[in-house]
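The values are calculated or read from the model by the stated rules, or taken from the named source; none is laboratory data. Given the structure is predicted, the values throughout are model-derived calculations rather than measurements. Here the Cβ positions follow ideal geometry from the backbone for every residue, glycine too, while neighbour counts run over all protein chains shown. Accessible surface areas use protein heavy atoms only, side chains included; no ligands, DNA or RNA. Shrake-Rupley method; radii C 1.70, N 1.55, O 1.52, S 1.80 Å.
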Amino acid sequence: MNKDVINIFGRRLSQARQMKGLSMEELGNLLTPAVTRQAINKYEKGQTLPDSRMLLAFGSALGVKPDYFFRPFTVEVDRVMFRKKAKLPEKKSVAIRERIREELERYLEVEQLCGIQSRFALPSVNISSAEDVTGYAAKVRSLLKLGVDGISNIIEVLEENGIKIIEISEDESFEGLSGYANDIIPVIVVNGNLSQERKRFVSLHELGHLLMIFQSDVKAKEMEKLCNIFASELLLPSSVLLSRIGLKRHDISLAELSDIQMQYGISIDSIMEAMHRLDVITQRRYEGYLKKKRSFPDFRAVVEQSIAIPETTGRFVRMVYRALADEIISFSKAAALLNTSVEAIKRQLQLV
């Protein structure tokens, strides 16, 4: 057996196991009959190759098809930066990275099959202050030809400009990350379980991480703050907010905020934070808002209610059906790319 094939199997087995968040021992216990940790370790190190029975057992336990284990690696995910509400366990971080790698491999494969090349041309910039961020966000809006209106579908805008967007379902400890695949392909990953407003904000926050170059002495907390300003300014430019709300306010109605939330797809929390940053409201007034949220669950539920129109990544799916309609790929290949059944693909494909 070709040594490269054995090594690929070992790496794929390790990837599939890590995507499931399993230890070698836990994977071995899922098999029938059970396999020792030492045996799993030998497989992953490329020291041995399983027979057909064991190959099927691995596929069943890990939720992948047998041919997955022999697919060459084409993507390296590096320079990633996690955005999280709490410390993410290393085991989960590894699982997320491997899921991203697997998603990207399928994404890039179908781009190649369709002969599509996406171009990422947004310029990077050195950032040292909030004023720099505000000016740069206005420049990015101009380059993307967004004007000053609300962005109807942020994911589509980013994908049209060469950024790969991947959604994964995770708990609240993970919000998103950004980085580069193969050192040149920009990638943004968001938790699909976030509210629509939060998903939009996190996507643009991660765009900030991709585009803005911070000085070495900028601490991580300050970096996050500046990326938040970038996301806020792209969603709702300061000039627009000030024209809608006014330069100085003490009391503001929920109806005013909800109207802006609906038009610009930005949360009320983010609007209040922006008003505080722009000195539209005082520090004391902003702290009063946060205290009211903590003290009154009903009020918190109202201000955190999501009303933005749902948006998801659709480019990858469209490319798969395009390749299928053009007879570039088979039904079985389309099913493998979309992680679904051939029957489901046939039901969805309606040529006109």
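Can you run down the residue pairs with Cβ atoms below 6 Å, 6 or more apart or on separate chains, where the first is in region 297-314 and in contact (Cβ under 8 Å) with a residue 60 or more places away in the chain and the partner is open to solvent by less than 60 Å² (accessible area, probe 1.4 Å) and part of a loop (DSSP other than H, G, I, E, B)?
306/195; 308/265; 311/153
So residue 279 ticks every box in (1) in a helix (DSSP H, G or I); (2) open to solvent by 70 Å² or more (accessible area, probe 1.4 Å); (3) of a type outside the set (A, V, I, L, M) but one. Which box is left unticked?
So the condition that residue 279 fails would be (1).
Can residue 204 be described as surrounded by 22 or more Cβ atoms within 10 Å (Cβ to Cβ) and closer than 20 Å to residue 309 by Cβ? Even if it seems obvious, please write down each step before you answer.
On the way: surrounded by 22 or more Cβ atoms within 10 Å (Cβ to Cβ): yes; closer than 20 Å to residue 309 by Cβ: yes.
Yes; evaluated as a whole, the condition is true for this residue.
What number goes with the only condition from (1) in contact with a helix residue (DSSP H, G or I) (Cβ under 8 Å, 6 or more places away or on another chain); (2) loosely packed, with under 13 Cβ neighbours inside 10 Å; (3) touching a residue at least 60 places away in the same chain (Cβ under 8 Å) that residue 152 does not pass?
Going through (1) in contact with a helix residue (DSSP H, G or I) (Cβ under 8 Å, 6 or more places away or on another chain); (2) loosely packed, with under 13 Cβ neighbours inside 10 Å; (3) touching a residue at least 60 places away in the same chain (Cβ under 8 Å) one by one, residue 152 breaks only (1).
Do any residues in region 122-134 that are closer than 13 Å to residue 274 by Cα have Cβ atoms under 9 Å from those of residues that are at pLDDT 95 or above and assigned to a helix (DSSP H, G or I), where the two are at least six apart or on different chains, and which pairs are they?
130/225; 130/226; 130/229; 130/277; 134/229; 134/230; 134/233; 134/238
List, please: which pairs have Cβ atoms under 9 Å, are six or more places apart or on different chains, and start with a residue in region 166-184 that is at positive phi and open to solvent by 10 Å² or more (accessible area, probe 1.4 Å) and end with one that is of a type in the set (D, E, K, R) and part of a strand (DSSP E or B)?
182/78; 183/78; 183/79
With the requirement that a residue be part of a helix (DSSP H, G or I), acidic (Asp, Glu) and closer than 23 Å to residue 265 by Cα, what does region 283-306 give you? Don't jump to the end; show me each part of the working.
Here is the first cut: in region 283-306, the residues part of a helix (DSSP H, G or I) are 283-295, 297-303.
So of that shortlist, the ones also acidic (Asp, Glu) come out as 287, 298.
Of everything in region 283-306, just one residue is part of a helix (DSSP H, G or I), acidic (Asp, Glu) and closer than 23 Å to residue 265 by Cα, namely 298.
Give me a count of the residues in region 23-46 that are in contact (Cβ under 8 Å) with a residue 24 or more places away in the chain and assigned to a loop (DSSP other than H, G, I, E, B).
Looking only at that region, the number is 4.
Out of the residues in region 307-327 that are surrounded by 15 or more Cβ atoms within 10 Å (Cβ to Cβ) and assigned to a loop (DSSP other than H, G, I, E, B), which is modelled with the highest pLDDT?
My answer is 308.
So residue 210 ticks every box in (1) farther than 29 Å from residue 257 by Cα; (2) not in a helix (DSSP H, G or I) but one. Which box is left unticked?
(2)
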